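The values are calculated or read from the model by the stated rules, or taken from the named source; none is laboratory data. These numbers come from a predicted model, not from an experiment. Virtual Cβ from ideal backbone geometry, glycine too; neighbours counted across all protein chains shown. Side chains included, ligands, DNA and RNA excluded: accessible areas come from the protein's heavy atoms. Shrake-Rupley method; radii C 1.70, N 1.55, O 1.52, S 1.80 Å.
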Amino acid sequence: QVIVEVRNIRKEYQTESGTLQVLKGVNTDIRKGEVVSIMGPSGSGKSTLLGILGTLDTPTSGQLMIDGDEVTGLTESQLTEYRAKKIGFVFQAYNLISTMTAKENVMLSLMSAKGKSNSKMEQKALELLDLVGMKERCNHLPGQLSGGQQQRVAIVRALANHPSIIIADEPTGNLDSTTGKLILDLICSLRDKVGTTFVVATHDPNVAEVSDRVLHILDGQIQEN
Ligand code: ADP
Ligand code: ADP
């Protein structure tokens, strides 16, 4: 089942020295339950493509379909709503809210789904934290957790609302390689157990190794292998 369709996406920036064409007609299909990584040299357009897939940025031309919805053409406020429901985000720096416990960080993400009582959200948050081995530390603040533990919390926060895809920008970038590998194991196990679809921009060869597919961005286009 194809969950993301990327059709002839172009992205240009206007700069002092003229028009910079970063993406020059990118095409790919991402299937449900795939881990796809995006690699390429610095400045090749990884963040640009990730931003477009995450609906944070709009392409100059081309089409993006997510879960059967044509995303290109939605207004800014429609996009904000769409993003909250359909897309999860994981960042290099974890980006948990520092004054909230692990459990509260996950509950915050569950709040955007309406009609859930507080106790139900709490129960769900604990279930999710248990899924990544973090239930015992549910009442810790991010500052009391290691980087790898914070990233575990960030990953379940991202998947709490059944997103169609999780967009991860260098999720292992701040971690030592042993911890990074544990995070990758977790991503693969969530793919296998829950069927979560991940798109990961990375420099980390370990990510490429566990990915179902690697999209290399080269000269504005995707080379797949
Ligand atoms: P990567 O993530 O692979 O390092 P980026 O997507 O961040 O690459 O950037 C691709 C190219 O687009 C770079 O040359 C960068 O300088 C340029 N770029 C990115 N964002 C902007 C912007 N808002 N305005 C102008 N140029 C930009
Ligand atoms: P809800 O009660 O809101 O329908 P679900 O139980 O279906 O929630 O799960 C919410 C999110 O957590 C989904 O993204 C789901 O895939 C994921 N999830 C959490 N725990 C599990 C689990 N043990 N097995 C499968 N999916 C899980």
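Charges only on Cβ, +1 for Lys and Arg, -1 for Asp and Glu: so what's the dipole of the chain about the Cα centre, in debye to the nearest 20?
Details: 23 positive and 26 negative charges, 128 e Å.
Charge dipole of the chain: 620 debye, to the nearest 20.
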Task: R0 of 30 Å, Cβ-Cβ distance ASN27-LYS124: FRET efficiency to nearest 0.05 - done: 0.20
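What does the charge dipole of the range 11-112 about its Cα centre add up to, to the nearest 20 debye, if the Cβ of each Lys and Arg holds +1 and the Cβ of each Asp and Glu holds -1?
Working: 9 positive and 11 negative charges, 60 e Å.
Rounded to the nearest 20 debye, it is 280 debye.
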Task: Under-5 Å amide H pairs with SER61, H placed in peptide plane, nonlocal only - done: ARG10
Open item on the list: Quick one: 3J(HN,Hα) in Hz for the range 76-86, Karplus 6.51/-1.76/1.60 with θ = phi - 60°, rounded, Gly and Pro as x.
Closed with: 4, 6, 5, 5, 4, 5, 4, 4, 4, 8, 10
- [ ] Work out from phi, with θ = phi - 60° and the Karplus expression 6.51 cos²θ - 1.76 cosθ + 1.60, the ³J(HN,Hα) of each residue of the range 101-113, listed in order in whole Hz, and give x for Gly and Pro.
- [x] 5, 3, 4, 5, 4, 6, 4, 4, 5, 5, 5, 6, 8
Open item on the list: Going by average Cβ density within 10 Å per residue, which order do the peptides 38-46, 73-81, 158-166 take, highest to lowest?
Closed with: 158-166, 38-46, 73-81
TODO: Report Rg(Cα)/(2.2 N^0.38 Å) for the chain, keeping two decimals.
DONE: 1.02
Open item on the list: Tell me the carbon and sulfur percent of the accessible area for the range 156-225, rounded to whole percent, probe radius 1.4 Å.
Closed with: 47 percent
Task: Given charges at Cβ of Lys, Arg, Asp, Glu: the chain dipole, positive-most of ASN139, LEU74, GLY33 - done: ASN139
- [ ] Could you tell me how many degrees, from 0 to 90 and to the nearest 10, lie between the Cα long axis of helix 177-194 and the main elongation axis, the longest principal axis, of the Cα atoms of the chain?
- [x] 90 degrees
Task: Percentage relative contact order, the chain, counting C-alpha pairs under 8 Å, at least six apart - done: 30 percent
Open item on the list: From the C-alpha coordinates alone, can you work out the Kirkwood hydrodynamic radius of the range 148-225, in Å?
Closed with: 13.1 Å
- [ ] Determine the alpha carbon to alpha carbon distance for each of LYS46/LYS114; LYS85/LYS120; LYS32/LYS135; LYS85/LYS181; LYS114/LYS181; LYS120/LYS193 and list only those over 25 Å.
- [x] LYS46/LYS114; LYS32/LYS135; LYS85/LYS181; LYS114/LYS181
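222 nm [θ] for the chain, helices only, -39500 (n - 2.57) per DSSP H run of 4+, per residue, to 500?
Values: 7 runs with 79 residues, N = 225.
My calculation for the chain gives -10500 deg cm²/dmol from helical runs alone.
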Task: Other-chain or far-sequence residues with amide H under 5 Å of LEU23's (modelled H) - done: LYS11
TODO: Enumerate the amide H contacts of THR196 below 5 Å, restricted to partners 5 or more residues apart or on another chain; note that Pro and chain-start residues carry no placed amide H.
DONE: ARG191
Task: the range 169-193-the range 1-26 distance, computed between alpha-carbon centres (Å) - done: 28 Å
TODO: Compute the distribution of all C-alpha to C-alpha distances in the range 52-179, in bins of 5 Å from 0, and list the percent of pairs in each, rounded to whole numbers.
DONE: 2, 11, 20, 20, 18, 13, 10, 5, 1, 0
Task: Förster radius 35 Å - calculated FRET efficiency between ALA113 and ALA93, Cβ distance, rounded to 0.05 - done: 0.85
